[in-house]
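Encoded as structure tokens, the structure appears first; notes follow it.
Rule-based calculations on the coordinates, nothing more; no lab input. Since we're looking at a predicted model, the values are computed, not measured. Cβ sites come from the backbone with ideal geometry, for glycine too, and all protein chains shown count toward neighbours.
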Amino acid sequence: MKSAITVIKEQVKFSYLIRRLSIYELRSLTRGNYLGAAWEIINPAIQILIYWFVFGFGIRQRADVGDIPYFQWMFAGILVWFLINNSVMKSTKSIYSKIRMLAKMNFPMSVIPNYTIFAQLYPHLVLLTIGTIVLQFIGYPISIYYLQLPIYIIGLLMFLFSLSLITSTLATIIRDVQMLMQSIMRMLLYLSPILWPPTSLPDSWQPLMKLNPFYYIIEGYRYSLLGEGWYFLENPTYTLYFIGVLAITFLVGSYLHVKFRSQFIDFL
Amino acid sequence: MVNSVEVKNVSKRYKLYKKQSERILDLLVPYKDYGEDFFALQNVSFTVAEGSIVGLVGINGSGKSTLANIIAGVIPATTGHITSNGNVALIAVNAGLDGKLSGRENIELKLLMLGFSQKEISEMEDEIIEFAELEKFIDQPVKTYSSGMKSRLGFSISVRVNPNILIVDEALSVGDKAFSEKSLDKMMEFKEKGKTMFFVSHSISQMKKFCDQILWLEFGVVKEYGPTKEVINKYETFLEEYKALSKTDKKKYRMSALNRQSKKNEKPAEIL
């Protein structure tokens with residue numbers, strides 16, 4: 001509990017630093033390619049097309065999901081996945097790859113995973129804007145339900161940060177965690193409601209699939225973008241579950257982070 | 001005179017593992033030790049008066065860089081205390097720069113991390129670039145820099161930050177003669193301003209010219225600490241004797257030291 005408060009205080013106190021550092025992080029990531037930042041859009045676009053081709057066109061034979069065409073359904077869900085996947089992978093390795101740069105123990109280390117996640121937010125917002133424009137032309141105009149989008153964005157950022165406190169600490173101590181996270185994320189892509197609707201599974205499987213907190217966020221995004229309803233209000237228990245998972249992850253994450261952070265440099 | 005840096009009973013323990021599995025077991029299994037202890041520093045104590053310049057000498061592996069890093073607050077000490085009066089800057093050859101970013105961006109990033117505001121950063125930037133003599137390379141990515149350029153950049157940033165205590169870890173040996181002279185001038189200027197400095201180097205002539213005090217480390221313990229004239233001569237004599245030793249004698253000497261370094265709570269008195 002005490003470490004949780006320490007971590008929160010650091011985030012508040014250094015919020016300016018987080019914003020500024022995230023911009024340098026973004027520059028460092030996009031530098032070196034001729035197309036630079038454009039890859040943040042090109043890469044998702046290629047993936048969306050190939051998934052649509054394989055799953056929508058090939059496997060599902062262009063069948064709709066409920067009354068929503070497959071492309072629109074998949075598109076609304078996958079937009080946020082790029083943010084999730086990139087943030088988890090980048091933040092997991094953030095501490096051990098950046099600690100040498102910081103070079104001072106008294107630097108607030110909990111800021112490191114936070115700003116790597118923050119750096120992923122900018123391309124996401126651009127992608128989201130483009131996604132919204134695309135949706136205008138394929139039958140899903142902007143609606144009142146867009147208003148709930150900030151809830152999922154903020155909820156997701158908080159969860160990603162909490163998770164990164166755990167994964168970045170473990171990955172610094174045991175480098176294999178980075179590989180493990182890569183496998184887990186690849187698995188989660190197929191276990192989340194992104195490429196195929198898990199609602200087609202037997203009813204007894206539904207709660208199991210929903211244990212995955214990203215399920216909540218992805219469905220929330222989809223409800224907002226496709227104007228299906230107020231997801232967090234219509235599923236109050238699930239909303240509470242998400243908040244519970246978030247709280248526990250944060251408590252565990254800040255405990256681990258604070259416990260090990262003075263020794264991080266020794267693990268390099 | 002006020003003490004600027006006080007190092008008290010500082011030890012630094014590293015764990016040596018034979019296998020990766022030992023490392024994981026050591027983390028997971030409580031109350032049981034895996035791996036071998038290795039003390040890079042053992043019970044190091046000394047005080048440095050404000051405004052003095054201390055040279056750290058010792059043969060390879062004696063713990064000079066470890067000590068420099070601990071004083072700078074880059075790595076934590078296993079036991080013991082360090083009190084330093086003012087902010088400390090460490091200048092090392094591999095002074096954490098982001099290779100993908102340009103020199104200018106690295107300056108901004110470093111200063112940002114040190115807690116300077118936007119306005120202060122833009123004020124300092126030009127001076128740093130000028131001192132580092134990087135004119136047209138400053139907007140190139142740092143990964144394309146030569147090692148001399150990198151250390152010049154690192155040195156210029158650390159110097160401009162205006163620290164109270166400056167630690168120079170062999171950084172000057174990379175630059176060319178002109179730059180290392182310029183750096184020495186800068187350090188002389190600091191000396192006149194009454195700043196405390198630490199100087200890690202193998203160059204005895206530089207030490208003689210520059211340092212007031214010499215701290216001689218040998219395999220993790222303080223062998224000798226005192227005014228430059230007294231200690232540096234003893235160190236030079238030692239070096240010659242050491243050089244003259246036969247290969248097996250050298251090895252024996254090292255092995256006995258290594259043995260000592262893997263024991264716990266050894267008192268430094270033994271070696272004196």
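Are there trypsin sites (Lys or Arg not before Pro) in region B:5-59 that DSSP puts in a loop and that have at most 13 other Cβ atoms within 10 Å, and which ones?
Sites meeting the loop and neighbour criteria: B:18, B:19, B:32.
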Quick calc, residue A:237 & residue A:179: beta-carbon distance into FRET formula, R0 35 Å, rounding 0.05, result 0.50
Enter the Cα centre distance for the pair region B:206-243 and region B:178-200, rounded to the nearest angstrom.
20 Å
Please report B:207, B:188, A:185 as a ranked list, fewest other C-beta atoms within 10 angstrom at the top and most at the bottom.
B:188, A:185, B:207
For helix B:103-113, report the angle its Cα long axis makes with the longest principal axis of the Cα atoms of chain B; keep it between 0 and 90° and round to the nearest 10°.
60 degrees
Please give the Cα centre distance for region B:108-174 versus region A:142-180, rounded to the nearest Å.
34 Å
Taking only the alpha-carbon atoms of the protein assembly as shown, the convex hull volume per residue, in cubic angstrom, is 192 Å³
Of B:81, A:257, A:124, B:202, how do they rank once you tally other Cβ atoms within 10 Å and put the fewest first?
B:81, B:202, A:124, A:257
Compute the FRET efficiency between residue A:143 and residue A:262 as 1/(1 + (r/R0)^6), taking r as their Cβ-Cβ distance and R0 = 45 Å, and round to the nearest 0.05.
0.35
What distance in nm separates the two pseudo spin-label positions at residue B:186 and residue A:212, each 7 Å out from Cα along the beta-carbon direction?
5.3 nm
How about residue A:98: which lysines have a C-alpha closer than 16 Å to its C-alpha, ignoring those fewer than 8 places off in the same chain?
A:90, B:100, B:110, B:143
How do B:248, A:167, A:239, B:83 line up, fewest other C-beta atoms within 10 Å first?
B:248, B:83, A:239, A:167
Taking R0 as 30 Å, what's the FRET efficiency between residue B:79 and residue B:244 from their Cβ-Cβ distance, rounded to 0.05?
0.25
22 Å Cα-Cα reach of residue B:177 towards lysines, excluding residues that sit fewer than 8 places from it in its own chain:
B:136, B:150, B:186, B:191, B:208, B:209
Let me have the 222 nm mean residue ellipticity of the protein assembly as shown computed from DSSP H runs of 4+ only, each contributing -39500 (n - 2.57), with the sum over all residues rounded to the nearest 500.
-18000 deg cm²/dmol
Taking amide H atoms as placed 1.01 Å from N in the peptide plane, list the residues 5 or more away in sequence, or in a different chain, whose amide H sits under 5 Å from that of residue B:49.
B:4
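Taking the mean number of other Cβ atoms within 10 Å as a proxy for protection, how do you rank B:210-219, B:41-50 from highest to lowest?
B:210-219, B:41-50
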For residue B:252, give me every one of the lysines with a C-alpha distance below 22 angstrom, ignoring sequence neighbours fewer than eight places off in its own chain.
B:64, B:223, B:234, B:243, B:263, B:264, B:267
How far apart, in nanometres, would the label points at residue B:161 and residue A:38 be if each is projected 7 angstrom from Cα along the Cα-to-Cβ direction?
3.9 nm
Compute the long axis of helix A:15-30 from its Cα atoms, compare it with the longest principal axis of the Cα atoms of chain A, and write down the angle in degrees, 0 to 90, nearest 10.
70 degrees
DSSP loop (so not H, G, I, E, B), at most 15 other Cβ within 10 Å: list which trypsin sites (Lys or Arg not before Pro) in region B:106-194 pass both filters.
B:193
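Looking at region A:112-217, I'd like the Rg to Rh ratio, where Rg is from alpha-carbon atoms and Rh is Kirkwood's inverse mean 1/r. Don't skip to the end; give the middle numbers.
Numbers: Rg = 16.5 Å, Rh = 16.3 Å.
When Rh is taken as the Kirkwood radius, the ratio is 1.01.
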